[in-house]
Amino acid sequence: MPTQLEIIHAWDELADDWDDMAAGSAKGFFRLLQEHIPLQSDMIVLDFGCGTGLIADLLRHRVKHVVAVDVSPVMVEILEEKMQAQEWENVQVFHALLGDHDDEETQQILKEYEGQIDLIIASSVLGFVTPETVGTTMEVLGRLLKPGGSFCHTDPPQMEQRNHFTRQKAEIYYKKGGLEIVSTSVENLDLGQGQSCNVFLGIARKPF
Ligand SMILES: C[S@@+](CC[C@H](N)C(=O)[O-])C[C@H]1O[C@@H](n2cnc3c(N)ncnc32)[C@H](O)[C@@H]1O
């Protein structure tokens, strides 16, 4: 497993091309999300591992507020430029390593949003969280959710990549965040232009 710094560096390197690389999968994720979780105009949604904000851009028209969080400074910079140029009003971005309790931005997110998030999404992010920080990352995500709030993630399904997800593995992650499993499935993600791929879709909930 690469180190945290190597992972951040790898995402920085991809950031300039991310909008071209991932626009199709972001739309596919958004479609899948809406099929499984009804979005409401009064929701506060946290986009964990938001990248350049492709999904935040789709979400911001449908919910009250989007909190976008990413550890890659270049991804965040690109998102901030878009937000400024296009005057996004209901999106707040944090540059944070969410599982690191010493990270000042993580502390700030907790201070502002603990127990207030209706929905957390993570599109292809959990599989990149290092084993050392999975526990604290899930703990922070669990603290941010409202009781009854939902967590929805996609990751590679079994056998397709090294960091694949199974129901068993997802359940271990959810428990670390104090979440209960709602459903897991392998879904076909429409990437546009006639292309698609399989993804593991996991949904969990914070108990009341
Ligand atoms: C595959 S990209 C997905 C980006 C976005 N969710 C999308 O679908 O377009 C993974 C993103 O997760 C971010 N990431 C990985 N681990 C993270 C962590 N512990 N805290 C915050 N962001 C993280 C990376 O910097 C990267 O931008």
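The values are calculated or read from the model by the stated rules, or taken from the named source; none is laboratory data. Source: prediction; values computed, not measured. Note that we place each Cβ from the backbone using ideal geometry, even for glycine, and neighbour counts take in every protein chain shown.
Couple of notes before you dig in:
- When 168, 158 are checked against the criterion of being out of contact with any helix residue (DSSP H, G or I) (no Cβ under 7 Å at 6 or more places or on another chain), modelled with pLDDT under 90 and more than 20 Å from residue 51 (Cα to Cα), 158 stands alone in meeting it.
- Some residue of region 33-43 being in contact with an Asp or Glu (Cβ under 7 Å, 6 or more places away or on another chain), at pLDDT 95 or above and crowded, with 21+ Cβ neighbours inside 10 Å: no
- Members of region 74-94 found to be aromatic (Phe, Trp, Tyr) and under 12 Å from residue 56 (Cα atoms), listed by number: 88
- Taken over region 1-36, the criterion of being of a type in the set (S, T, N, Q) and near the ligand (Cβ under 10 Å from one of its atoms) is satisfied by 4, 25.
- The numbered conditions (1) within 25 Å of residue 77 (Cβ to Cβ); (2) out of contact with any Cys (no Cβ under 6 Å at 6 or more places or on another chain) are all true for residue 192 except (1).
- Residue check for residue 125: within 14 Å of the ligand (Cβ to nearest atom) and crowded, with 24+ Cβ neighbours inside 10 Å: no
- Number of positions in region 176-194 that are closer than 24 Å to residue 142 by Cα and in a loop (DSSP other than H, G, I, E, B): 3
- Within region 38-51, the set of residues being within 16 Å of the ligand (Cβ to nearest atom) and outside any strand (DSSP E or B) comprises 49, 50, 51.
- Qualifying residue in region 47-64 (condition: acidic (Asp, Glu) and in contact (Cβ under 8 Å) with a residue 12 or more places away in the chain): yes
- Complete set of residues in region 152-205 that are in contact with a Lys or Arg (Cβ under 7 Å, 6 or more places away or on another chain) and surrounded by 18 or more Cβ atoms within 10 Å (Cβ to Cβ): 179, 184
- Residues of region 130-162 that are within 11 Å of the ligand (Cβ to nearest atom) and farther than 19 Å from residue 22 by Cα: 130, 132, 133, 134, 136, 137, 138, 140, 141.
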